[in-house]
Amino acid sequence: MSEPIIIDCDPGHDDALALLLAVGDSRLRLLGVTTVAGNQTLDKTTRNALKILALAGAADVPVAAGSARPLVSDLTVAEDIHGASGLDGPDLDVPVAEPVGVHGVELMRQLIVAEPDPVTVIATGPLTNVALLLRAHPEVMPRISRVVFMGGSTDRGNSTPYGEFNIVTDPEAADIVLRSGLPTTMIGLNVTHQALATTEIIAEFQGMGTRLGTICAELMTFFASTYRREFGFEHPPVHDPIAVAAVIDPSIIQTVAAPVAVELTGTHTRGATVVDLHHRTAGPATADVAVGLDVDAFWRLLMTAVRKVGDAT
Ligand code: BDR
Ligand code: CA
């Protein structure tokens, strides 16, 4: 039995790996992909999602463009990390399908109501589309099994000292999702910074001997160069596929149920996730917060999927 999922994303180098993992692991059934402005503008993230699905032989998966800007904030893209295209590095000049002609939020709604089993929503970008779905169509909430999102941190941030990019980009959306009452799983920087695309990892992609493997190696080589320049990281962390891996095999992460508040008004901390790991404040847990990661198991899942998709395309 495969688990039905929707991926809401802003590709993005690590979003691309998240999509490949979802396509390549038979324990998941990718119902559709929706895109959001984040790492780049909406037109670019949508085109990038279509390109990755085309490369993965999954052009039949419906893609819909969602929100072009956050709910309240102005959009600030991450061109310093993901480049002008949002997926700089390899030559991704592939013919792509068109996005379906409905808004991403409407595609999510349609897919969820058409699916007999509860659907897991995996979000790897700002949570704008997911928040709009929950607010505009609350009737679908009983049909969503949970929202697993890459975002936030139990400690420091990356966009700002205490804010992680996806949450800083749209704090109000994250606040809506976390207070929705739906089960949520938070995959924050505190775990994603353990999954590094080392030289050996890049060599493993290249050594697959497939076009897809080479493209992954080139994506990670570009990502490494920007993380080195911007953050002084020796190797870049691949955040987003961990959210997908945690759905495929929940044992790869350890979680703690905790109240998570999003700082909406802080002078220096807007977009920070305030994670009450030790329940020092009143209020119920709003997320299962990842606090540990089986790094080797994660890479095995990802490599197996990319190898399989690359061999088949
Ligand atoms: C998150 O921000 C984006 O740049 C990545 O794609 C990831 O989703 C990490 O903070
Ligand atoms: Ca992302």
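Assorted remarks:
- Tally of residues being within 16 Å of ligand 2 (Cβ to nearest atom) and over 11 Å from the mean Cα position of the chain (by Cα) across the range 232-244: 2
- Condition met for residue 159 (surrounded by fewer than 22 Cβ atoms within 10 Å (Cβ to Cβ), within 14 Å of ligand 2 (Cβ to nearest atom) and part of a loop (DSSP other than H, G, I, E, B)): yes
- For the range 138-156, filtering for residues that are outside any helix (DSSP H, G or I) and either modelled with pLDDT under 95 or more than 14 Å from ligand 2 (Cβ to nearest atom) (or both) leaves 8.
- Considering the range 232-312, there are no qualifying strands (runs of 3 or more DSSP E) wholly inside with 2 or more residues that are of a type in the set (Lys, Arg) and modelled with pLDDT of 95 or more.
- The range 78-105 residues that are open to solvent by 50 Å² or more (accessible area, probe 1.4 Å), paired with ones that are away from ligand 1 (no atom under 16 Å from the Cβ) and part of a loop (DSSP other than H, G, I, E, B) (beta carbon under 7 Å, 6 or more apart): 100/62
- Looking across 59, 64, 68, one residue alone is touching a Leu at 6+ places or on another chain (Cβ under 7 Å), open to solvent by less than 10 Å² (accessible area, probe 1.4 Å) and either within 19 Å of residue 130 (Cα to Cα) or not basic (Lys, Arg) (or both). It is 64.
- Residues of the range 214-226 classified as touching a residue at least 60 places away in the same chain (Cβ under 8 Å) and surrounded by 21 or more Cβ atoms within 10 Å (Cβ to Cβ), total: 5
- Selection from the range 1-57 of residues that are in contact with a Ser or Thr (Cβ under 7 Å, 6 or more places away or on another chain), within 15 Å of ligand 1 (Cβ to nearest atom) and of a type in the set (Asp, Glu): 8, 10, 15
- Taking the range 112-129 as the range and being within 16 Å of ligand 1 (Cβ to nearest atom) and in a loop (DSSP other than H, G, I, E, B) as the test, the residues that pass are 124, 125, 126, 127.
- Failed criterion for residue 93 (all others in (1) of a type outside the set (S, T, N, Q); (2) modelled with pLDDT of 95 or more; (3) part of a loop (DSSP other than H, G, I, E, B); (4) out of contact with any helix residue (DSSP H, G or I) (no Cβ under 7 Å at 6 or more places or on another chain) hold): (2)
- Out of 45, 34, sole residue that is crowded, with 24+ Cβ neighbours inside 10 Å, within 16 Å of the chain's Cα centre (by Cα) and in a helix (DSSP H, G or I): 45
- Counted residues, the range 167-187 - those being open to solvent by less than 20 Å² (accessible area, probe 1.4 Å) and part of a helix (DSSP H, G or I): 7
- Here residue 61 does not qualify as under 18 Å from residue 120 (Cα atoms), within 16 Å of ligand 1 (Cβ to nearest atom) and not in a helix (DSSP H, G or I).
The values are calculated or read from the model by the stated rules, or taken from the named source; none is laboratory data. Please read these numbers as outputs of a predicted model, since none were measured by experiment. FYI the Cβ positions are ideal-geometry reconstructions off the backbone, even for glycines, and counts take in every protein chain you see. Ligands, DNA and RNA are stripped out before the accessible areas are found, and what is left, the full protein with its side chains, is counted by its heavy atoms. Shrake-Rupley method; radii C 1.70, N 1.55, O 1.52, S 1.80 Å.
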